[in-house]
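Only the coordinates and a few stated rules stand behind these numbers; no lab work does. It should be emphasised that the depicted structure is a prediction, and the values quoted were computed from it without experimental measurement. Here the Cβ positions follow ideal geometry from the backbone for every residue, glycine too, while neighbour counts run over all protein chains shown.
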Amino acid sequence: MRALILVMDSVGIGTAPDAAAYGDDGADTIGHIAEACAVGDADSEIRQGPLHLPHLVELGLGEAHRLATGRQAPGRAYRGEVNPQCGCAREQSRGKDTPSGHWEIAGVPVRFDWGYFPKKEPCFPQQLTDAFMEQAALPGILGNRHASGTDIIAELGEQHLRSGNRSVIHRPTASFRSPRMNRASGWRGYMRYVRWRAGWLIPSTSVA
């Protein structure tokens, strides 16, 4: 027997019990998007009106959201003849990083705290950034601190395009990231992450 797991990253249906510890209290991605669409706040030249996800709703997205939050998001009510098989879960893993969530979905919860780089500038050890620049053939780096990908692109995106230097940041969701902006796809509109596992470049003992 085989099971197929499809993960929709960053498509949240409610707030986790420890969300406040990460500044995410009240998080509910699907609910908030549905509410914004319902009142017209998400209207644009590309799309208008309520959030329309008929296939996902048919699979149980709306009911899973209702189970997780206790409320029905606009347009998420299932009106089919067959009840979908769905549910919601409370994560056991500690932290906010993406790999832990994926591991737990596959049955391996992470019950320990990952190591994090110190909240200072520069954030990453020279050994790591040197190895990153060498392997990625980069002339230099920008940022080198705790930050969100969208914020660092807004702040350093133009400098990145002019110089070719890549920004490197540390987030609670991943130890070492390098966001890249492509002007041809729209300013701040396209962000592609090159993820580097710190263990590739430096010993795990070097991570604070």
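Using the Kirkwood formula over every pair of different C-alpha atoms, what hydrodynamic radius in Å results for the stretch 1-112?
On the way: mean 1/r = 0.0644 Å⁻¹.
Computed over Cα pairs of the stretch 1-112, the Kirkwood hydrodynamic radius comes out at 15.5 Å.
Once amide H atoms are built 1.01 Å from N in the peptide plane, which residues 5 or more positions from Leu142, or in another chain, come under 5 Å H to H?
Residues meeting the amide H criterion: Arg166, Ser167, Val168.
Calculate the dipole size of the stretch 19-105 relative to its Cα centre from +1 charges on Lys and Arg beta carbons and -1 charges on Asp and Glu beta carbons; express the result in debye to the nearest 20. Spell out each step's value before the answer.
Numbers: 8 positive and 13 negative charges, 47 e Å.
So the magnitude is around 220 debye.
May I ask you to compute the full-extension gain from Arg94 to Thr29, defined as 0.36 nm times their residue separation minus their alpha-carbon distance, rounded to one decimal in nm?
Result for the pair: 21.4 nm of gain on full extension.
Find, among the trypsin sites (Lys or Arg not before Pro) in the stretch 1-77, those assigned to loop by DSSP (not H, G, I, E, B) with at most 12 other beta-carbon atoms within 10 angstrom.
Here the sparse-neighbourhood loop sites are Arg2, Arg47, Arg71.
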